[in-house]
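The values are calculated or read from the model by the stated rules, or taken from the named source; none is laboratory data. Note that the structure is predicted; figures quoted are calculated from it, not measured. Note: ideal-geometry Cβ built from the backbone for every residue, glycine included; neighbour counts use all protein chains shown.
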Amino acid sequence: MNTCKNKHSIKRCFNRACETYDLNCHVQIQAGQFLIDKLKNYQIHYDQALDVGCGTGMITKRLLEELYCNHLLGIDFSNKLLEIAQGRLVRYNADLIEFDFDQFLCQTHQKRYDLIFSNMSLQWSDELALCIKQIYNHLSPNGIFAFSIPLQGTFFELNSIYSDQLHAYHDAFQMLSDFNVLLCEHESIVHSFDSVQSALQSIKMVGANSLSCVTNQALHGRSFLKNFFKKKYPPYSLTYHVGYFIINKLQKCLLNCL
Ligand SMILES: C[S@@+](CC[C@H](N)C(=O)[O-])C[C@H]1O[C@@H](n2cnc3c(N)ncnc32)[C@H](O)[C@@H]1O
């Protein structure tokens, strides 16, 4: 698996998608709503919440409306997506900061969060296992961490190295082995398109078109498009293989002693 990330390129792709993101983020909405609905089974009230990679705040707003969070902090490094989030969340007790979440999480803050939420964002972290451990350290004693990520199998229809950047379900599961896992599920979401261009546009319109630093390419350019799909005739489908994980702060060993 290639874990090397070109953050500059990732940020640029998300910034460029600022005008199209909200109208095209169907998979992100489906994944975010799934997580929110699952969270309702555990706890509704949270004092301090953190949304890691909050983007335009579409799902953040649902989080604030459907769960009760006294205060929420949203982090994202895309200044253009954050501008939209700012307008969307103005009526809520929420603050937004423009920051690289890997850098934010490796700092030692005094503040602890009762809910740390991340929808379809942690796949862009420098190192997912480390990121999960750091998030765990930022949880309050009874805190809950809920996240969704695209897993290997996503865009398997493409002749690309995109999938190389994603974790397999069992790898993600393994990273959580020290924690008390409340939920661990995955599903495939398939969308169909009548042309290669519209399929690839759908990825670009949500800013997810940054590829690894090995090629330093993005999903554009005629020559690149030509051989992109393994399948050579329509309909063209794109699969998102999404993993959902919820853990709480009680460590497994502690639970075993109870
Ligand atoms: C697919 S979007 C998801 C946005 C939002 N959570 C949603 O559900 O609509 C991924 C987000 O992660 C942000 N992101 C990616 N890498 C980041 C990093 N290292 N630090 C901060 N934000 C990052 C992007 O700017 C983008 O807003």
When segment 54-108 is examined, which residues are found to be assigned to a loop (DSSP other than H, G, I, E, B) and either within 14 Å of the chain's Cα centre (by Cα) or closer than 16 Å to Phe147 by Cα (or both)?
Cys54, Gly55, Thr56, Gly57, Leu67, Phe77, Ser78, Asp100
What are the residues in segment 52-76 that are buried (at least 22 other Cβ atoms within 10 Å of the Cβ) and within 12 Å of the ligand (Cβ to nearest atom), if any?
Val52, Gly53, Cys54, Gly55, Thr56, Gly57, Ile59, Thr60, Leu63, Gly74, Ile75, Asp76
Leading residue by the ranking (surrounded by the fewest Cβ atoms within 10 Å (Cβ to Cβ)) among those in segment 109-126 that are in a strand (DSSP E or B) and in contact with a His (Cβ under 9 Å, 6 or more places away or on another chain)
Asp114
Hey, Leu200 in a helix (DSSP H, G or I), over 14 Å from the mean Cα position of the chain (by Cα) and surrounded by fewer than 15 Cβ atoms within 10 Å (Cβ to Cβ) or not:
no
Among the residues that make up segment 139-150, is at least one of them surrounded by fewer than 19 Cβ atoms within 10 Å (Cβ to Cβ), closer than 30 Å to Lys230 by Cβ, within 16 Å of the ligand (Cβ to nearest atom) and not aliphatic (A, V, I, L, M)?
no
If we keep just the residues of segment 1-33 that are more than 10 Å from the ligand (Cβ to nearest atom), of a type in the set (A, V, I, L, M, F, W, C) and out of contact with any Asp or Glu (no Cβ under 8 Å at 6 or more places or on another chain), which is modelled with the highest pLDDT?
Leu23
Can you tell me how many residues within segment 127-137 are farther than 21 Å from Lys38 by Cβ and either more than 14 Å from the ligand (Cβ to nearest atom) or surrounded by fewer than 16 Cβ atoms within 10 Å (Cβ to Cβ) (or both)?
5
With the requirement that a residue be within 14 Å of the ligand (Cβ to nearest atom) and of a type in the set (D, E, K, R), what does segment 83-104 give you?
Glu83, Arg88, Glu98, Asp100, Asp102
Residue list for segment 1-51, filter: surrounded by fewer than 17 Cβ atoms within 10 Å (Cβ to Cβ), without any contact (Cβ under 8 Å) to a residue 40 or more places away in the chain and either assigned to a helix (DSSP H, G or I) or of a type in the set (D, E, K, R) (or both):
His8, Glu19, Ile29, Gln33, Asp37, Lys40
So for segment 105-115 (the condition being modelled with pLDDT of 95 or more, in contact with an Asp or Glu (Cβ under 6 Å, 6 or more places away or on another chain) and within 15 Å of the ligand (Cβ to nearest atom)), does at least one residue qualify?
no
